[in-house]
Amino acid sequence: MRQLVYYVGLSVDGYIAGPGGEIDFYPLADDMAAWLEANYPESVPTHIRARLGMPDVPNRHFDTLLMGRGTYQPALDIGVASPYAHLKQYVVSTTIDRVDDPAVKLYAGDPIELVQRLKKEDGKHIWLCGGGKLAGAVLPEIDELVVKCYPVVAGDGIPAFTGRFNPTLFTPTDSRTFSNGAIVTWYHRA
């Protein structure tokens with residue numbers, strides 16, 4: 001059965017982006033970028049893949065993506081209506097009226113119902129791309145966390161999870177450290 005995987009980058013203090021959606025404060029390292037491109041190529045937006053010399057690299061882990069409006073909006077702001085055309089894309093939002101690309105499906109219903117339906121379909125895992133509000137809403141359905149933790153304190157911003165108090169135990173299963181001090185850790189639902 002397919003799993004919902006929250007593959008996410010965050011600061012030491014738990015923010016996935018700054019207050020204005022900034023992510024440029026994360027320290028970059030060539031070894032980490034090369035590893036991420038090789039191991040999670042589907043996480044690279046379609047409009048960037050060609051510049052990185054990976055336009056036809058197959059998806060390794062995911063074939064479907066869920067994102068909230070805050071995660072989708074930066075693509076729209078640069079005129080990209082289908083940021084991950086190499087994946088089935090779902091935007092979960094009650095504040096967007098329509099999406100101008102038929103490859104992107106707008107979903108305004110209960111995100112738990114959507115995840116449960118997608119899990120029953122054939123295919124690779126489902127990437128929960130963000131953001132924190134959507135992650136909090138679907139927390140009961142998250143099977144795995146892949147957390148890229150960067151050694152920086154943001155101080156404020158968009159938290160990795162928002163919503164009601166709901167302690168949920170995950171077990172770390174692996175980790176990898178990079179030259180920039182970032183650590184990728186895999187967690188499975190306990």
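Would you calculate, for the chain, the mean residue ellipticity at 222 nm contributed by helices, counting each DSSP H stretch of 4 or more residues as -39,500 (n - 2.57) and dividing by all residues, to the nearest 500? Don't skip to the answer; put the middle values down first.
Details: 5 runs with 40 residues, N = 190.
Computed ellipticity for the chain at 222 nm equals -5500 deg cm²/dmol.
Say we join alpha carbon atoms closer than 10 Å with springs in a Gaussian network model of the chain; which of LEU169, LEU134, LEU36 then has the biggest fluctuation?
Most flexible of the set in this elastic network: LEU169.
Could you tell me which of rounded, prolate or oblate describes the chain, using a ≥ b ≥ c as the square roots of the eigenvalues of the alpha-carbon gyration tensor, with rounded for a/c under 1.5 and, failing that, prolate when a/b is larger than b/c and oblate otherwise?
Because its axes are fairly even, with a/c under 1.5, the chain counts as rounded.
With 10 angstrom as the radius, rank ILE96, ILE158 by how many other C-beta atoms surround their C-beta, starting from the fewest. Display every interim value, and only then the final one.
On the way: ILE96 16, ILE158 23.
Neighbour counts put them in this order, fewest first: ILE96, ILE158.
When you count, for each residue, the other Cβ atoms within 10 Å and take the mean per peptide, how do 172-178, 182-188 rank with the highest first? Don't skip to the answer; put the middle values down first.
Values: 172-178: 12.6, 182-188: 17.6.
Ranked by mean Cβ neighbours within 10 Å, highest first: 182-188, 172-178.
According to the square roots a ≥ b ≥ c of the eigenvalues of the Cα gyration tensor, what is the shape class of the range 125-165, taking rounded for a/c under 1.5, prolate for a/b larger than b/c otherwise, and oblate for the remainder? Write out the running numbers ahead of the final one.
Working: a/c = 2.36, a/b = 1.35, b/c = 1.74.
The shape class here is oblate.
So how do VAL153, VAL115, VAL146 line up by other beta-carbon neighbours within 10 Å, fewest first? Please list the in-between numbers first.
Working: VAL153 12, VAL115 24, VAL146 19.
Least to most surrounded, the residues fall as VAL153, VAL146, VAL115.
Can you compute the charge dipole magnitude of the chain about its Cα centre, using +1 on each Lys and Arg Cβ and -1 on each Asp and Glu Cβ, nothing else charged? Give it in debye, rounded to the nearest 20. Walk me through the numbers on the way to the answer.
Working: 17 positive and 22 negative charges, 84 e Å.
Roughly 400 debye, rounded to the nearest 20.
How big is the antiparallel share of DSSP beta bridges in the chain, given as a percent to the nearest 5?
Values: 15 of 40 bridges.
About 40 percent, rounded to the nearest 5.
Which of the GluC sites (Glu not before Pro) found in the range 102-190 are in a DSSP loop and have at most 15 neighbouring Cβ atoms, other than their own, within 10 Å? Numbers along the way, then the final one.
Details: sites: GLU113, GLU121, GLU141, GLU144; in loops: GLU121.
Passing sites in the range 102-190 are GLU121.
Can you list the lysines whose alpha carbon is less than 22 Å from that of LYS88, not counting same-chain residues fewer than 8 positions off?
Output for LYS88: LYS105, LYS119, LYS120, LYS124, LYS133.
No lab work stands behind these numbers, since they all come straight from the coordinates. Note that the coordinates shown come from a computational prediction; the quantities given were computed from them, not determined experimentally. Please note: Cβ atoms are built from the backbone with ideal geometry, for glycine as well, and neighbour counts cover all protein chains shown.
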